[in-house]
Amino acid sequence: IHSDDDLQLWWARYEELKQYDDLVHDVPRQTGLGLWLDHQRKSRDLTDEQKFALDALNPDWWMTRREWHWECRFHELEEYAISHDDCCVPISHSNQKLALWVSRQRKEYNKYMNTNQQSSSLTPKRIRRLEDIGFVWNRWEYEFKKKNVLLD
């Protein structure tokens, strides 16, 4: 399984990694250490001890930058939904990153539904997570229905 040399090399890389505060953003991507970390993210051969050690450094070590950004925006949307009772972040919202992200999720959903699913950054799991917090895929339809309900 893992030779002693492989394990020694793994732990040496781990010691290098300890100097970084943020394993998602600080580790230079195109260096030996950055490539090693990317390999760890994809590896199915990590021992429980290795996973625990990486988690101790940073529980988000397994995420790519893109995944980390998605998760950050998702959590911001969860907070927005709790305080506003919906997920319809207006484009004029003070948190422009969140407003643009919400808009992008709708575009990605349309791409997912209407074209090759592989060209979309949305996955069934992400779609389900968004829907679980009340995400509205068609904002205009939602607003129209809401106004008609108020008029009735």
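Here are a few things to note about the model shown:
- Accessible surface for the chain, divided over its residues, is 69 Å² per residue with a 1.4 Å probe.
- Surface/4 of the Cα convex hull for the chain, nm²: 12.4 nm²
- Projected label distance in nm at Arg41 and Ile82, using a 7 Å step from Cα toward the beta-carbon: 2.7 nm
- Reference-scaled alpha-carbon Rg (2.2 N^0.38 Å with N residues) for segment 1-54: 1.09
- Taking a straight Cα-Cα cut-off under 29 Å and skipping sequence neighbours fewer than 8 places away in the same chain, the lysines within cross-link reach of Lys145 are Lys97, Lys107, Lys111, Lys125.
- Straight Cα distances below 17 angstrom link Lys18 to the aspartates and glutamates Asp26, Asp38, Glu49, Asp55, Asp60, with same-chain residues fewer than 8 positions distant left out.
- For the chain, with all protein chains in place and a probe radius of 1.4 Å, 51% of the accessible heavy-atom surface sits on carbon or sulfur.
- Of interest is the spacing of the C-alpha centroids, which for segment 66-80 and segment 119-136 amounts to 12 Å.
- Most mobile listed residue (Leu98, Leu23, Leu33) in the chain, GNM with C-alpha springs under 10 Å: Leu33
- Calculated FRET value between Ser92 and Leu33, using beta carbons and R₀ = 35 Å, to 0.05: 0.25
The values are calculated or read from the model by the stated rules, or taken from the named source; none is laboratory data. Computed from a prediction, not measured in an experiment: that's the story for all the values here. Using ideal geometry, Cβ is built from the backbone for each residue, glycine included, and neighbour counts are taken over all protein chains shown. Note: areas computed on protein heavy atoms with side chains; ligands, DNA, RNA excluded. Shrake-Rupley method; radii C 1.70, N 1.55, O 1.52, S 1.80 Å.
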